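*Asks:* My structure is below; once you've seen it, I'll send some questions.
The values are calculated or read from the model by the stated rules, or taken from the named source; none is laboratory data. Remember, predicted model here, so these are calculated numbers, not experimental data. Counting neighbours? That spans all protein chains shown, and the Cβs are built from the backbone with ideal geometry, glycine included.
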């Protein structure tokens, strides 16, 4: 068990959540109960699951939570793409958010072998 505040991956994930909240404010009011909530939920899920996993007693349990957080990242990547393709995010904003997300996923993948988890290669 460790303090999630000390994990660089959690700090990066938290910074991504803050960026997503800021970016989602630019979506039209008609999306307040659609894409805005989905963006925020998916981004928050990554940081929240990392924090939850850090509190686990066994490394393999933490690894399982990290895999869940990484999967939530794939979901969030799609929502970024959808927001860009619908014209809600500029290409630059999409790319900034995606770069942050890819960094978090790579950090998760790098942490897994240290916990006894299996790391897959990211494209």
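*Asks:* Quick check on my filter: what residues within the range 14-31 are in a loop (DSSP other than H, G, I, E, B) and buried (at least 17 other Cβ atoms within 10 Å of the Cβ)?
*Replies:* Answer for the range 14-31, where residues must be in a loop (DSSP other than H, G, I, E, B) and buried (at least 17 other Cβ atoms within 10 Å of the Cβ): just 27.
*Asks:* Right, here's the next one. Checking residue 47 against (1) surrounded by fewer than 19 Cβ atoms within 10 Å (Cβ to Cβ); (2) touching a residue at least 24 places away in the same chain (Cβ under 8 Å); (3) part of a helix (DSSP H, G or I): exactly one of these is not met. Which one?
*Replies:* (1)
*Asks:* Also, I was wondering about something else. If you take the residues in the range 54-63 that are touching a helix residue (DSSP H, G or I) at 6+ places or on another chain (Cβ under 8 Å) and either in a loop (DSSP other than H, G, I, E, B) or touching a residue at least 24 places away in the same chain (Cβ under 8 Å) (or both), which one is farthest from residue 116 (Cα to Cα)?
*Replies:* Going through the qualifying residues, I end up with 55.
*Asks:* Does residue 99 meet the test of being modelled with pLDDT of 95 or more and more than 22 Å from residue 113 (Cα to Cα)?
*Replies:* The answer is yes for residue 99.
Residue-wise test of (1) under 23 Å from residue 2 (Cα atoms); (2) assigned to a helix (DSSP H, G or I); (3) in contact (Cβ under 8 Å) with a residue 60 or more places away in the chain; (4) under 14 Å from the mean Cα position of the chain (by Cα).
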| site | (1), (2), (3), (4) |
| --- | --- |
| 33 | no, no, no, no |
| 81 | no, yes, no, no |
| 89 | no, no, yes, no |
| 96 | no, yes, yes, yes |
| 104 | yes, yes, yes, yes |
| 110 | yes, yes, no, no |
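*Asks:* Just to check your reading of the model, which residue among 40, 67 is part of a helix (DSSP H, G or I) and without any contact (Cβ under 8 Å) to a residue 24 or more places away in the chain?
*Replies:* 40
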